[in-house]
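In what follows, a single structure is set out as structure tokens and then discussed.
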Amino acid sequence: MSDFHVIPGAVINDILQAHLPSMVARIEHVYLQHHDGQTINPDSYFLRFPQQPADRIIALPAALEGPDAVAGIKWISSFPGNVAQQKPRASAVVILNDRQTGYPYACLEGAQISAVRTAASAVSGAYWLNRQSRKAGSVGFIGAGVIARNIARMLAVEGWEIGHAVVHDFDAPSARALSDYVEHADLCTARLGTLDEALAADVVIFATTAGEPYVKPPIAFRAGQVVLNISLRDIAPQLLLEADNVCDDVEHCMKANTSPHLTEQLSGNRSFMNGTLAGLIRGEFRLDDSKAAIFSPFGLGVLDLALSKFIVDTALSESKAVAIESFFGETLRWS
């Protein structure tokens, strides 16, 4: 019987900080494993509250095959009202299960893991949609929360050369904080701007809590523009129909009224979707230089599990995991 360990948030933060330069490569590796059928990633399950329509808790079960085989689940809540209390919108735990016995063997604070894997996914998408270039004249951040901050940090870690950033958020203190962070991270100069100014950037990053599209015609993206649709519900389907579209998993994206899901409902098919990021990495399709390119990652639970397993293995090797004695009430069927 394996021991049960808890990996606290402070330990996770230390490990993530020490290994940030490897995160994009790690996430891309899992994307390719998923593309090759080496993962099990069923639908996410949404727990919603009729009296609190903005709030939800999501379960993301998944499993990874191969030498780093693991199973588990991420249980992540999104309560936008937390922001008004100066608390992060999202909180989460990850549980890992042994593939031989099914017994859970680790519990991790999951919000940091989720934020870093989201940022790594976004920055990977930006690189491949930007024709394998880490240069952009400008970047527009629409939404100035934890996810945007992590994406800005990952862009800096990956060595992006950006002329300037425009930050737009309804909450002025959050916008100023992200603008200051962008400059403090030595990514580029930054200023606050309007929605239109942020939308005019070469790379546009949506990281909001929007529940339905507000970026609609006559707004249009221009040829060669890279759009990271991280919050998934900001962009009207008409704009997706005029662009190249890349996601992490086509089936997963077509649900929960995401922009791709709304586009499928409007058009009656999925032909607007060019393919997955893994397919783009593998060279299975090309992007059209006459169109904008939009990356809409729904978020795969297997990414969280792979990163969580790496953190647990590292914490155990460095004696930073907290063992919970007698966690299992019974360890024998008959005693």
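The values are calculated or read from the model by the stated rules, or taken from the named source; none is laboratory data. Computed from a prediction, not measured in an experiment: that's the story for all the values here. FYI the Cβ positions are ideal-geometry reconstructions off the backbone, even for glycines, and counts take in every protein chain you see.
Values computed for the structure shown
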{"quantity": "Test for Gly329: is it closer than 19 Å to Arg26 by Cα and either part of a loop (DSSP other than H, G, I, E, B) or more than 21 Å from the chain's Cα centre (by Cα) (or both)", "calculated": "no"}
{"quantity": "Ala165 being in contact with a Cys (Cβ under 7 Å, 6 or more places away or on another chain), closer than 27 Å to Arg26 by Cβ and not assigned by TED's automatic domain parsing to the domain that holds Leu16", "calculated": "yes"}
{"quantity": "Residue pairs meeting the criteria (Cβ under 9 Å; at least 6 apart or on separate chains; first outside the structural domain of Val146 (by TED's automatic domain parsing) and without any contact (Cβ under 8 Å) to a residue 12 or more places away in the chain, in the stretch 97-125; second surrounded by fewer than 24 Cβ atoms within 10 Å (Cβ to Cβ) and in a strand (DSSP E or B))", "calculated": "none"}
{"quantity": "Failed condition for Ile235, given (1) farther than 12 Å from Gly140 by Cα; (2) surrounded by fewer than 21 Cβ atoms within 10 Å (Cβ to Cβ)", "calculated": "(2)"}
{"quantity": "Close pairs from the stretch 253-267: first under 24 Å from Asp55 (Cα atoms), partner among the small types (Gly, Ala, Ser) and surrounded by 24 or more Cβ atoms within 10 Å (Cβ to Cβ), Cβ under 7 Å, at least 6 apart", "calculated": "Cys253/Ser296; Thr258/Ser296; Ser259/Ser296; Pro260/Ser296"}
{"quantity": "Residues of the stretch 79-133 satisfying the condition of being aliphatic (A, V, I, L, M), modelled with pLDDT of 90 or more and part of a helix (DSSP H, G or I)", "calculated": "Ala111, Ile113, Ala115, Val116, Ala119, Ala120, Ala122, Val123, Ala126, Leu129"}
{"quantity": "Residue pairs meeting the criteria (Cβ under 9 Å; at least 6 apart or on separate chains; first acidic (Asp, Glu), in the stretch 211-231; second outside any loop (DSSP other than H, G, I, E, B))", "calculated": "Glu212/Leu262"}
{"quantity": "Number of positions in the stretch 128-162 that are within 16 Å of the chain's Cα centre (by Cα), without any contact (Cβ under 8 Å) to a residue 60 or more places away in the chain and under 21 Å from Tyr31 (Cα atoms)", "calculated": "2"}
{"quantity": "Any hit, the stretch 43-56, residues being of a type outside the set (Val, Ile, Thr), closer than 24 Å to Leu316 by Cβ and not assigned by TED's automatic domain parsing to the domain that holds Met254", "calculated": "no"}
{"quantity": "Set Ala136, Ala201: member being closer than 17 Å to Ile230 by Cβ and part of a strand (DSSP E or B)", "calculated": "Ala136"}
{"quantity": "Qualifying residue in the stretch 202-223 (condition: farther than 27 Å from Val157 by Cα, out of contact with any helix residue (DSSP H, G or I) (no Cβ under 7 Å at 6 or more places or on another chain), among the small types (Gly, Ala, Ser) and at pLDDT below 95)", "calculated": "yes"}
{"quantity": "Qualifying residue in the stretch 259-267 (condition: under 20 Å from Ser121 (Cα atoms), in contact with a Ser or Thr (Cβ under 8 Å, 6 or more places away or on another chain) and either at pLDDT below 95 or in the same structural domain as Ala207 (by TED's automatic domain parsing) (or both))", "calculated": "yes"}
{"quantity": "Criterion violated by Asn274 - all others in (1) modelled with pLDDT of 95 or more; (2) under 29 Å from Asp169 (Cα atoms); (3) surrounded by 15 or more Cβ atoms within 10 Å (Cβ to Cβ) satisfied", "calculated": "(2)"}
{"quantity": "Meets criteria (acidic (Asp, Glu), touching a residue at least 40 places away in the same chain (Cβ under 8 Å) and surrounded by fewer than 23 Cβ atoms within 10 Å (Cβ to Cβ)) for Asp288", "calculated": "yes"}
{"quantity": "Unmet requirement for Gln38, which otherwise passes all of (1) modelled with pLDDT of 95 or more; (2) buried (at least 19 other Cβ atoms within 10 Å of the Cβ); (3) polar (S, T, N, Q)", "calculated": "(2)"}
{"quantity": "Output for the stretch 34-62, where each listed residue is in contact (Cβ under 8 Å) with a residue 60 or more places away in the chain and in contact with a Ser or Thr (Cβ under 7 Å, 6 or more places away or on another chain)", "calculated": "His35, Leu60, Ala62"}
{"quantity": "Those residues of the stretch 139-169 which are modelled with pLDDT of 95 or more, out of contact with any helix residue (DSSP H, G or I) (no Cβ under 6 Å at 6 or more places or on another chain) and in a loop (DSSP other than H, G, I, E, B), in sequence order", "calculated": "Gly143, Gly159, Trp160"}
